[in-house]
Amino acid sequence: MNIDFSLITTEIALAILGLAIFTLGLIIPRSARKGLGNIALLGLIIVLGIAVYSWPNQGETLGGMYIVDHFSSFFKIVGLVAAILVVFGFRRYVAANVGNYLEYYSTIVFATLGMIVMISAGDFITLYLGLELMTISFIVLVAFRSFDVKSLEAGIKYLLLAGMSSAVLLYGLSLVYGATGTILFAEVAQSIIDGSGGLLLIIGLVMLIAGLGFKVSAAPFHMWSPDVYEGAPTSVTAFLATGSKAASFAILIRVFVGSLTGIQEHWVMLVAVLAALSMLIGNLIAIPQTNIKRMLAYSSVAQAGYIMVGIVAASQSGVKGVMFYSFIYVFATMGAFTVVAAVYNKIKSDEIADYAGLAQRAPLAATVLLVCMLSMAGIPLLAGFVGKFYLFMAIVDGYMWLVLLGLIMSMVSVYYYLRVVLVMFRDDPVDPTPLKMETSVTITLLIALGVTVFLGIYPGPLSEIANTAAQSFFTP
Amino acid sequence: MSEWVGVALFIMAGLAFGVVGIGVSFLVHPRSKNRYKLETYECGIPVEGSAWGRFKAQYFTFALIFVIFDVEVIYLYPWAVSFVQLGLAGLVKMFIFIFILVLGLWYAWKEGALEWK
């Protein structure tokens, strides 16, 4: 079995980066470790450059166990962009609240490596390898504030529930293997066309949905997300909500739309119900939340519901919708969480009530939070609207009820997003001193703002790229 | 179905192995109840304190460091057996693998996990 190294340069570069940060951190004195953040940032930007540069490279290596096509390259870029924003936008937050630069930055890089390995997986073993590398890194990251009881609680919860979901996923994989006799996605698809299947395959499929549904925090597997999102350091929460979710959606599409298309009639309805439940539960429970991180956690459950709509379509336009939405979702979520972290640095609170008068104290942060939330709610002229439009257009014939539910729930979401906006813009601040944001935070916020507005007005190029990438996925 | 007969026989033999052993021992063993007989470990170290006693968490880090080398050896054996076939590429890969493991040990050392405090 020969390895085509030209296809896995991104992965190799990222692995070297992670090891380099670790080794360097051990060599330099403890007081100098702060600079590791800059090295991680620079390294990740270089790796992103490599990923963009190797966009034309396509093919399979390791005997089909590793697939590199436009679809996987697109999601790799999404994951790397999320990692860069996490490292750049939360530097102050990490310095003030997390510390342990050596462990923190190398674990972030290894979590990213897990994501991009999982995105490119061509068989169940690679899938599981990438998934576990990502999950274990995240368990460490979630429990990083070891002096904070909430963070430890979140870590334990994530450890136990992630372990259980992995067990369910593995059992599902073993059943699919038992029913089809192969672990390669391509051969699973062929074997289903040739008539293998039956009850065993369907039970395996349900378990796969449960295991991966946990990772994307789709209802009813969302129970962990509010507690973990609230307890984890905000930077980790942001990464968990964007990178981890986007990678899990990529593999969900690869497995279901890519290799289990033959038994579509068995899973499309199931995914549609999960999508509907996620929208309902996420949006309705977000309403009474008073902690902004919990509110964003429920909102991310709802976002998972919207994205799953694209999988229900199981068509090129559906996959394109998922890709487009994942991309803009990264920027909107990063923008929102960067504001949360920056404000926490100053006022040491995540309560929505304490955001009173933020528009007077930190106008840019308040504006970015406003724009990101409106984008997530799907208000026209912002990227979220275009994304939802692509997603729901894909299922407009056949699943009209889901489209209607999605529209109603988007309206509901406007209510709780605007409640935060109201507190920020209408109420007078208790303490009117302006909050001064660091340059890195300001730049991150401007990037999030710029991309969200730009893609809302001019979605053409990204939509075109997503479309060709989705096409390469359907005609191998 | 005939290929499963072997499996069934194997399961039955396995069950019989346990049941017969315990059964025969139950029938023939001498019954004498004394203080030593009722201890938790009949022929082990005398039991100290309650099971809820607290012990040093550092045992745990030692166990983790042990796992590093345990895993290393698992992979070294098959590599050593097929060393000739794997050639230079195998050697390079093994060095990368051991480098990563040594990095872990180095980290543990630097963080003071090897010192008993």
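In square nanometres and to one decimal, what's the mean projected area of the convex hull around the Cα atoms of region A:1-99? Please list the in-between numbers first.
Working: hull surface 28.9 nm².
Mean projected area of the Cα convex hull: 7.2 nm².
Give the relative contact order (percent, whole number) for region A:293-362; include only Cα pairs under 8 Å separated by 6+ residues. Before the final figure, lay out each step's value.
Working: 22 pairs, mean separation 14.1, N = 70.
Relative CO of region A:293-362 lands at 20 percent.
Order these peptides, A:97-104, A:144-151, by their mean beta-carbon neighbour count within 10 angstrom, highest first. Walk me through the numbers on the way to the answer.
Values: A:97-104: 19.4, A:144-151: 15.1.
The peptides rank, most packed first, as A:97-104, A:144-151.
In peptide A:23-31, what is the residue-averaged number of other protein chain Cβ atoms found within 10 Å of each Cβ?
Values: counts 4, 0, 2, 6, 2, 0, 0, 1, 0.
Mean partner-chain Cβ count within 10 Å for A:23-31: 2.
Report, ordered by chain and residue number, the lysines lying within cross-link reach of A:Lys348, taken as a straight Cα distance under 17 Å and ignoring same-chain residues fewer than 8 apart.
Answer for A:Lys348, where 17 Å is the Cα cut-off: A:Lys150, A:Lys293, A:Lys436, listed by chain and number.
Where does the charge balance sit around A:Gly122 when Lys and Arg score +1, Asp and Glu -1, over other residues with C-beta under 13 Å from its C-beta?
Working: positive: A:Arg254; negative: A:Asp4, A:Glu60, A:Asp69, A:Asp123, A:Glu187.
Counting the neighbours of A:Gly122, the net charge comes to -4.
With the Cα gyration tensor of the protein assembly as shown giving a ≥ b ≥ c as the square roots of its eigenvalues, does the rule (a/c under 1.5 for rounded; else a/b larger than b/c for prolate; else oblate) give rounded, prolate or oblate?
prolate
Would you compute, from DSSP H runs of 4+ residues alone, the mean residue ellipticity of chain B at 222 nm, taking -39500 (n - 2.57) per run and dividing by the full residue count, rounded to the nearest 500?
Details: 3 runs with 78 residues, N = 117.
When only DSSP H runs of four or more count, the value is -23500 deg cm²/dmol.
For the ranges B:63-74, A:411-422, A:114-125, what's the packing order if you count other beta-carbon atoms within 10 Å of each residue, average per peptide, and put the highest first?
On the way: B:63-74: 12.0, A:411-422: 17.8, A:114-125: 25.0.
For the peptides B:63-74, A:411-422, A:114-125, the packing ranking is A:114-125, A:411-422, B:63-74.
When the chain is fully extended, how far beyond the present Cα-Cα distance does A:Leu129 get from A:Glu438, taking 0.36 nm per residue of separation?
Difference between extended and current length: 107.5 nm.
How much length would be gained if the chain were fully extended between A:Ile379 and A:Leu152, taking 0.36 nm per residue of separation minus their Cα-Cα distance, in nm to one decimal? Before the final figure, lay out the partial values.
On the way: separation 227, 0.36 × 227 = 81.72 nm, distance 3.72 nm.
That pair, A:Ile379 and A:Leu152, stretches by 78.0 nm at full extension.
Averaged across the residues of B:88-100, what count of C-beta atoms belonging to other chains lies within 10 Å of each residue's C-beta?
Numbers: counts 0, 1, 0, 0, 0, 0, 0, 0, 2, 0, 0, 2, 4.
What the average comes to for B:88-100 is 1.
In 10 Å bins starting at zero, report the fraction of Cα pairs in region B:3-110 per bin as a rounded %.
Spelled out per bin, shortest first, that is 10, 18, 15, 22, 24, 10, 1.
Kindly rank A:284-296, A:374-386 from highest to lowest mean number of other beta carbons found within 10 Å of each residue. Numbers along the way, then the final one.
Details: A:284-296: 19.6, A:374-386: 22.5.
Packing order, densest peptide first, comes out as A:374-386, A:284-296.
For region A:147-264, what percent of Cα pairs sit more than 18 Å apart? Could you put the intermediate results ahead of the total?
Values: 3749 of 6903 pairs.
Tail of the P(r) past 18 Å holds 54 percent of the pairs.
Could you work out, residue by residue across A:13-20, how many beta carbons of other chains sit within 10 Å of that residue's beta carbon, and then give the average as an integer?
On the way: counts 0, 0, 2, 0, 0, 1, 4, 0.
That average works out to 1.
Using 1/(1 + (r/R0)^6) with R0 = 56 angstrom and r between the beta carbons of B:Val67 and A:Ile193, what's the FRET efficiency to the nearest 0.05?
Numbers: r = 44 Å, r/R0 = 0.78.
So, using R0 = 56 Å, E works out to roughly 0.80.
So what's the net charge close to B:Pro30: Lys and Arg +1, Asp and Glu -1, counting the other residues with Cβ under 14 Å from its Cβ? Mind showing how you got there, number by number?
Working: positive: B:Arg31, B:Lys33, B:Lys37; negative: B:Glu42.
Net charge in that neighbourhood comes out at +2.
Counting only C-alpha contacts under 8 Å and six or more residues apart, can you give the relative contact order of chain A as a whole percent?
Once divided by the residue count of chain A, the mean separation gives 16 percent.
Whole number please: convex hull volume per residue of the Cα set in region A:254-320, in Å³?
Working: hull volume 5.1 nm³, N = 67.
Here the figure is 76 Å³ per residue.
Each reported figure results from applying straightforward, stated rules to the coordinates on display, with no laboratory input. As the structure is a computational prediction, the values presented were derived from the model and not from experiment. Glycine also receives a Cβ, built like all others from the backbone with ideal geometry; neighbour counts cover every protein chain displayed.
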